[in-house]
Amino acid sequence: MKVRDVIKALEQFAPLPLQEGWDNAGLQVGLTEADVSGALLCLDVTPQVIDEAIASGCNLVVSHHPLIFHKLSCVSDADMVQRAVMKAVKHDVAVVSMHTNMDNAKGGVNYKMAEKLHLSDVRLLAAKTVGDVECGSGVIGSFVSPMAADDFVKVLKDTFAVECVECNQLLRRPISTVALCGGAGAFLLQEAMSCGADAFVTGEMHYHEFFGLEQKIQIAVIGHYQSEQYTTEIFKSIIEEKCYGVRCLISSVNTNPIIYF
C-alpha cells in the first residue's frame with residue numbers, strides 16, 4: 001500500500017470538495033508514492049505527534065485539524081507548526097488532514113458523536129448537496145428514552161470524558177431530540193431550534209450566544225477537543241476496511257491546549 005492509496009480511501013469517504021472554502025484539508029506534507037509503514041491517527045499534528053510516528057515506525061500521520069492552516073512564509077524552528085513540518089520532512093513522514101470534509105460527510109465527525117451517545121434516527125441537521133454528494137453541517141437524532149437535563153449532562157461528561165460542561169439554565173422538560181456539531185458549531189444553534197431539538201451540543205460557543213434561550217433549548221458545550229476526539233476511530237475504520245494490512249495506531253498524545261483546574 002502506498003500513501004496515495006490511504007489518502008484515496010479517506011477522500012472517497014470524505015471528498016475534498018466537501019470542505020469549507022476557508023479550509024486546507026488534504027495532503028499537508030510528504031510524498032504520496034512512498035510505501036506505508038504504518039498510519040498514526042490524531043486530532044492535531046504537533047512535533048510530539050511526529051516524534052510518536054517516528055518512534056512507532058509510522059511514515060504517515062492522519063489528522064483531523066490541518067497542520068498547515070495559515071500560509072507559511074518560511075519553514076524554520078520559529079513555531080510549533082514549522083517545527084512539525086521540518087521534522088516530518090526530515091524523517092519522511094507524510095501528513096494528511098481530513099477536516100471540514102470529514103465534518104460535513106455522512107458518517108463523519110458528528111455521526112460519530114451521535115453514535116457515542118446512542119442516538120437513533122440520526123440525520124443531517126443542515127443538509128446540502130455538493131455535486132451529487134449529500135452532505136451537511138451537524139446532525140440531529142433522538143434518545144430511545146428521554147432523560148432529565150441533569151442526567152443528560154452526566155451522560156455527556158461520562159461519554160466524552162469532560163471535566164465540566166458549559167450549560168445555560170437546565171431544561172425543565174425531558175430531553176429527547178438532540179442536535180450535535182463537533183468543534184465550533186454555534187452557527188447551527190438556530191437551525192437546531194428550528195428543527196425542534198431539545199438540546200444542542202457543540203465544542204465551543206461565545207458568551208453572548210447563551211443569552212435569551214432559557215427553557216427554549218438546552219445548550220451543552222463540552223470543549224472543542226473533547227467533541228472531536230473520536231474522529232480517529234473513523235480514520236481507523238476506513239483505513240482498516242479499505243487498505244488491508246496497513247497498521248493503524250491512535251495517537252497517545254493529548255494535544256488539547258486547554259487545561260481545566
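The values are calculated or read from the model by the stated rules, or taken from the named source; none is laboratory data. Remember, predicted model here, so these are calculated numbers, not experimental data. Positions of Cβ are generated from backbone atoms using ideal geometry, with glycine treated the same way; all protein chains shown enter the neighbour counts. In case anyone asks, the SASA skips ligands and DNA or RNA and just uses the protein heavy atoms, side chains included. Shrake-Rupley method; radii C 1.70, N 1.55, O 1.52, S 1.80 Å.
Cβ contacts < 9 Å: first residue over 12 Å from A39 (Cα atoms), restricted to region 235-247; second residue open to solvent by 10 Å² or more (accessible area, probe 1.4 Å) and basic (K, R), any location; separation 6+ or different chain. Result?
K242/K8
Taking region 165-181 as the region of interest, how many residues are outside any loop (DSSP other than H, G, I, E, B) and either out of contact with any Leu (no Cβ under 7 Å at 6 or more places or on another chain) or modelled with pLDDT under 95 (or both)?
Let us first name the residues in region 165-181 that are outside any loop (DSSP other than H, G, I, E, B), namely 166-167, 175-181.
The next check asks that each one be either out of contact with any Leu (no Cβ under 7 Å at 6 or more places or on another chain) or modelled with pLDDT under 95 (or both); those that pass are 166-167, 175-177, 180.
Here the count works out to 6.
Give me a count of the residues in region 197-222 that are touching a residue at least 40 places away in the same chain (Cβ under 8 Å), out of contact with any Lys or Arg (no Cβ under 9 Å at 6 or more places or on another chain) and either open to solvent by 10 Å² or more (accessible area, probe 1.4 Å) or over 19 Å from P146 (Cβ atoms) (or both).
4
Of the conditions (1) of a type outside the set (G, A, S); (2) under 21 Å from H224 (Cβ atoms); (3) open to solvent by 30 Å² or more (accessible area, probe 1.4 Å), V139 fails just one. Which one is it?
(3)
So, restricting to helices (runs of 4 or more DSSP H) that lie completely within region 5-104, which ones have at least 2 residues that are farther than 25 Å from E134 by Cα and of a type in the set (A, V, I, L, M)? Write out each step before concluding.
Working: elements: 47-55, 80-90, 100-104.
Of the helices (runs of 4 or more DSSP H) lying wholly inside region 5-104, those with at least 2 residues that are farther than 25 Å from E134 by Cα and of a type in the set (A, V, I, L, M) span 47-55, 80-90.
Going by the structure shown, is V130 among the hydrophobic types (A, V, I, L, M, F, W, C), modelled with pLDDT of 95 or more and farther than 18 Å from A197 by Cα? Talk me through it step by step, then tell me what you get.
Working: among the hydrophobic types (A, V, I, L, M, F, W, C): yes; modelled with pLDDT of 95 or more: yes; farther than 18 Å from A197 by Cα: yes.
Spelling it out, V130 is indeed among the hydrophobic types (A, V, I, L, M, F, W, C), modelled with pLDDT of 95 or more and farther than 18 Å from A197 by Cα.
Considering L40, L67, L72, which residue is of a type outside the set (S, T, N, Q) and in contact (Cβ under 8 Å) with a residue 60 or more places away in the chain? Can you show your working first?
On the way: L67 fails: in contact (Cβ under 8 Å) with a residue 60 or more places away in the chain; L72 fails: in contact (Cβ under 8 Å) with a residue 60 or more places away in the chain.
One residue alone meets the criteria, L40.
Report, by residue number, each residue of region 160-175 that is at negative phi and surrounded by fewer than 16 Cβ atoms within 10 Å (Cβ to Cβ).
Residues satisfying the conditions are E163, C164, E166, Q169, L170, R172, R173, P174.
What number of residues within region 209-261 are assigned to a loop (DSSP other than H, G, I, E, B) and over 20 Å from the mean Cα position of the chain (by Cα)? Spell out how you get there, then give the answer.
The first filter runs over region 209-261 and keeps only residues assigned to a loop (DSSP other than H, G, I, E, B), leaving 211-217, 222-223, 229-230, 243-247, 251-261.
From the residues that got through so far, the ones that are over 20 Å from the mean Cα position of the chain (by Cα) too are 211-217, 243-247, 260-261.
Final tally of qualifying residues: 14.
Sort out which residues of region 177-196 are free of Cβ contacts under 8 Å to residues at least 60 places away in the same chain and surrounded by 16 or more Cβ atoms within 10 Å (Cβ to Cβ), and write them in order of number. First the steps, then the outcome.
Looking only at region 177-196, we keep the residues that are free of Cβ contacts under 8 Å to residues at least 60 places away in the same chain, and these are 177, 179, 184-187, 189-190, 193-194, 196.
If the condition is that a residue be free of Cβ contacts under 8 Å to residues at least 60 places away in the same chain and surrounded by 16 or more Cβ atoms within 10 Å (Cβ to Cβ), then T177, A179, G185, A186, L189 are the ones that fit.
Checking R123 against (1) in a strand (DSSP E or B); (2) out of contact with any strand residue (DSSP E or B) (no Cβ under 9 Å at 6 or more places or on another chain): exactly one of these is not met. Which one?
(2)
Return yes or no: is I68 of a type in the set (V, I, T), over 18 Å from N24 (Cβ atoms) and open to solvent by 10 Å² or more (accessible area, probe 1.4 Å)? Walk me through how you get there before you give the answer.
Numbers: of a type in the set (V, I, T): yes; over 18 Å from N24 (Cβ atoms): no; open to solvent by 10 Å² or more (accessible area, probe 1.4 Å): yes.
Taking the combined requirement at face value, the residue does not satisfy it.
Suppose we filter V49, V75, V81 for residues that are in contact with a strand residue (DSSP E or B) (Cβ under 9 Å, 6 or more places away or on another chain) and not hydroxyl-bearing (S, T, Y); which single one remains? Walk me through how you get there before you give the answer.
Numbers: V75 fails: in contact with a strand residue (DSSP E or B) (Cβ under 9 Å, 6 or more places away or on another chain); V81 fails: in contact with a strand residue (DSSP E or B) (Cβ under 9 Å, 6 or more places away or on another chain).
Step by step, each of V49, V75, V81 is checked, and only V49 is in contact with a strand residue (DSSP E or B) (Cβ under 9 Å, 6 or more places away or on another chain) and not hydroxyl-bearing (S, T, Y).
Which one of these is at negative phi, open to solvent by less than 10 Å² (accessible area, probe 1.4 Å) and among the β-branched types (V, I, T): V81, V109? Break it down into steps so the answer makes sense when it comes.
Working: V81 fails: open to solvent by less than 10 Å² (accessible area, probe 1.4 Å).
It is V109.
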